[in-house]
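As structure tokens, the structure follows; a few thoughts come after it.
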Amino acid sequence: MTHGRAGRGGGVVGAGATRADDVWRAGRLGSMASVALSEAEKVYIVHGVQEDLRVDGRGCEDYRCVEVETDVVSNTSGSARVKLGHTDILVGVKAEMGTPKLEKPNEGYLEFFVDCSANATPEFEGRGGDDLGTEIANTLYRIFNNKSSVDLKSLCISPREHCWILYVDVLLLECGGNLFDTICIAVKAALFNTRIPRVRVLEDEEGSKDIELSDDPYDCIRLSVENVPCIVTLCKIGYRHVVDATLQEEACSLASLLVSVTSKGVVTCMRKVGKGSLDPESIFEMMETGKRVGKVLHASLQSVLHKEESLGPKRQKVGFLG
């Protein structure tokens, strides 16, 4: 049986057709890192996925090895560095006092900033990574900045007057595919590592309030990240879909589905990226895969985070800033 494959215009090209100028160049989100593939390389990848055999030997639902290290930046409230394949992400969280938003007077909130470093890929030089950074930040807002993900009320110090604002800075050090999944893992790990000083509100006889911060570094509050979701990106390649796609596999995909999944397998939001289309049956199958894979991803991440924390401050730093 001869498998067809999607051509440049979205049609189907026969498996035997080759052209000297058939070089595929793709990035998932326009300004993202791209990779050049010949037509023969693309055929090899697409046909392998149909047989549940990827170039690196993984199955369609397998992640690569994920390296997670927390508490890597000393001047932050919490930090984490995550490396997945050739994608390297550094996240720092800084807690600062501010004023609650008018529409949510008894809650704190999160602010996201994504820096697409030119070291990650030459395409980010100048303002090349601005659009991608904004798109990632907007996606993070949708996923993290709500009551069901993070207990924002625990960040409130004094309703309508004072709250904690968590500034989450994401730095893209290297782009090697599956960017959204890696960033979400890094943000969740950094929030798990975040320690916010305990605050007391003192009120005098005249009714004026004074804020007193604890000097004890161990007297702090921690955020519960149990309900914080992770993104599972599913790339449609041929008639099947894969998780944790490499840059080469992303170049073979015309459409991907970002599925935000909690540790209990609940889908909180979805987003399609890419110029291709997805039929309803494919979307349902990808959602089910995302829920199944997401639960395993959460369990593994939680296990690693708790294990690393149990080692205490004497643990050996072996990663980015070791």
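The values are calculated or read from the model by the stated rules, or taken from the named source; none is laboratory data. Just so we're clear, the structure is a prediction, and the values are computed from it rather than from any experiment. Every residue, glycine among them, receives a Cβ derived from its backbone with ideal geometry; neighbour counts consider all protein chains shown. Accessible surface is based on the protein model in full, side chains and every heavy atom, while ligands, DNA and RNA are left aside. Shrake-Rupley method; radii C 1.70, N 1.55, O 1.52, S 1.80 Å.
The rows are residues; the columns are (1) farther than 27 Å from Y63 by Cβ; (2) out of contact with any strand residue (DSSP E or B) (no Cβ under 7 Å at 6 or more places or on another chain); (3) hydroxyl-bearing (S, T, Y).
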{"residue": "S77", "(1), (2), (3)": "yes, no, yes"}
{"residue": "L84", "(1), (2), (3)": "no, no, no"}
{"residue": "V93", "(1), (2), (3)": "no, no, no"}
{"residue": "G98", "(1), (2), (3)": "yes, no, no"}
{"residue": "D151", "(1), (2), (3)": "yes, yes, no"}
Quiz prompt | Filtered residue count, segment 106-136, keeping only those that are open to solvent by 10 Å² or more (accessible area, probe 1.4 Å) and aliphatic (A, V, I, L, M) | solution = 3
Quiz item: In segment 36-63, which residues are assigned to a loop (DSSP other than H, G, I, E, B), in contact with a Gly (Cβ under 7 Å, 6 or more places away or on another chain) and crowded, with 19+ Cβ neighbours inside 10 Å?
Solution: R54
Quiz item: Taking V68, is it of a type in the set (A, V, I, L, M), in contact with a Ser or Thr (Cβ under 9 Å, 6 or more places away or on another chain) and not in a helix (DSSP H, G or I)?
Solution: no
Practice problem: Please give the number of the condition K272 fails out of (1) loosely packed, with under 15 Cβ neighbours inside 10 Å; (2) basic (K, R); (3) under 26 Å from A189 (Cβ atoms). | Solution: (3)
Self-check item: Matching residues, segment 212-229, being open to solvent by less than 40 Å² (accessible area, probe 1.4 Å) and either at pLDDT 95 or above or not in a strand (DSSP E or B) (or both)
Solution: S214, L223, V225, V228, P229
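For (1) among the aliphatic types (A, V, I, L, M); (2) part of a helix (DSSP H, G or I); (3) open to solvent by 70 Å² or more (accessible area, probe 1.4 Å), each residue gets a yes or a no:
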position: F180; (1), (2), (3): no, yes, no
position: A186; (1), (2), (3): yes, yes, no
position: L191; (1), (2), (3): yes, yes, no
position: D210; (1), (2), (3): no, no, yes
position: G276; (1), (2), (3): no, no, no
Quiz item: L29 is checked against (1) open to solvent by 20 Å² or more (accessible area, probe 1.4 Å); (2) closer than 25 Å to G290 by Cβ; (3) modelled with pLDDT of 85 or more; (4) in contact with an Asp or Glu (Cβ under 8 Å, 6 or more places away or on another chain) and fails just one. What number does that condition carry?
Solution: (3)
Practice problem: Return the pairs, sorted by first residue and then second, in which the second residue is open to solvent by 10 Å² or more (accessible area, probe 1.4 Å) and in a strand (DSSP E or B), the first residue lies in segment 211-233 and is farther than 28 Å from V66 by Cα and without any contact (Cβ under 8 Å) to a residue 40 or more places away in the chain, the beta carbons are less than 6 Å apart, and the residues are 6+ apart or on different chains. | Solution: E212/R200; E212/L202; L213/P197; L213/V199; S214/P197; C220/R195; C220/P197
Quiz item: Can you spot a residue in segment 80-102 that is under 28 Å from I157 (Cβ atoms), in contact with a Lys or Arg (Cβ under 9 Å, 6 or more places away or on another chain), among the aliphatic types (A, V, I, L, M) and not in a strand (DSSP E or B)?
Solution: yes
Quiz item: Within segment 139-155, can one find any residue that is among the small types (G, A, S), within 18 Å of Y109 (Cα to Cα) and surrounded by 17 or more Cβ atoms within 10 Å (Cβ to Cβ)?
Solution: yes
Quiz item: If a residue has to be within 30 Å of T76 (Cα to Cα) and either aliphatic (A, V, I, L, M) or open to solvent by 20 Å² or more (accessible area, probe 1.4 Å) (or both) to count, how many in segment 230-261 make the cut?
Solution: 5
